[in-house]
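One structure is given here, and the rest of the page talks about it.
The values are calculated or read from the model by the stated rules, or taken from the named source; none is laboratory data. In this text the structure is predicted, and so the values were computed from the model without any measurement. Cβ atoms come from the backbone with ideal geometry, glycine included; neighbour counts cover every protein chain shown. Ligands, DNA and RNA are stripped out before the accessible areas are found, and what is left, the full protein with its side chains, is counted by its heavy atoms. Shrake-Rupley method; radii C 1.70, N 1.55, O 1.52, S 1.80 Å.
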Amino acid sequence: AQRVTQPEKLLSVFKGAPVELKCNYSYSGSPELFWYVQYSRQRLQLLLRHISRESIKGFTADLNKGETSFHLKKPFAQEEDSAMYYCALSGRSGNTGKLIFGQGTTLQVKP
Amino acid sequence: DTAVSQTPKYLVTQMGNDKSIKCEQNLGHDTMYWYKQDSKKFLKIMFSYNNKELIINETVPNRFSPKSPDKAHLNLHINSLELGDSAVYFCASSRDTDTQYFGPGTRLTVL
């Protein structure tokens, strides 16, 4: 079954501390993984996707097929990073574009 | 503004009523989606249309009927509203199965 798991509902860190938002997935084929972010009272927006292999707002995520993980990392958290983060999966074979989301993790960066 | 827009932003209604939510995108995309975000912030796909043709129909009650009059619009009509339909409904669009862009959401409250 296709599934995305984000084990932490809430992650609270101090400004300047490293951040790691965990994401594990279950998919039999070749998945495409995404991180979406939802700032307070704003729409969901794409943060990054694994095929781009880029760093957005200091965030990076590496697809680890052995551990079936796609954890989101940032070395130094900023207060403006406080938001809800969703990990999502899209299957590549017979891809319908359907995104399967994790439960979401609220990141709270304290001053 | 180039974006995905939804109307209304808030919708409060009585159980048993019929209501519609509208979605429009001016990004030139050919695929549109409806997602439901429940009270626990869990996001799940409901429907997907590609070039006005239904592609994805998850196990959603028949009371929910999407309609795509053209590629730029995907409306969601809900009959006989129930308490459990209370949620935030997000529309999204993409070029084929590429990155999805989300609307601001419609918060539906059924009393």
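Summary value for chain A: 38 percent relative contact order, contacts being C-alpha pairs under 8 angstrom separated by 6+ residues. Note on chain B: with charges restricted to the Cβ of Lys and Arg (+1) and Asp and Glu (-1), its dipole about the Cα centre is near 300 debye. At full extension, B:GLU58 and B:THR13 could sit 13.7 nm farther apart than now, given 0.36 nm per residue minus the alpha carbon distance.
The Cα center of segment B:60-111 and the Cα center of segment A:1-53 differ in position by 23 Å.
Between A:GLU79 and A:LYS9, the contour length at 0.36 nm per residue exceeds the alpha carbon distance by 23.4 nm.
Run the accessible area of chain B with a 1.4 Å probe and give the carbon-and-sulfur part as a rounded percent. Heavy-atom surface of chain B belonging to carbon and sulfur, 1.4 Å probe: 48 percent. Computed from protein heavy atoms with a 1.4 Å probe, the total accessible area buried between A and B is close to 1600 Å².
If R0 is 45 Å, the Cβ-Cβ spacing of B:HIS77 and A:THR60 corresponds to a FRET efficiency of close to 0.60. Heavy atoms of the protein chains alone define the surface here; on that basis segment A:1-43 has 56 Å² accessible area per residue at 1.4 Å probe size.
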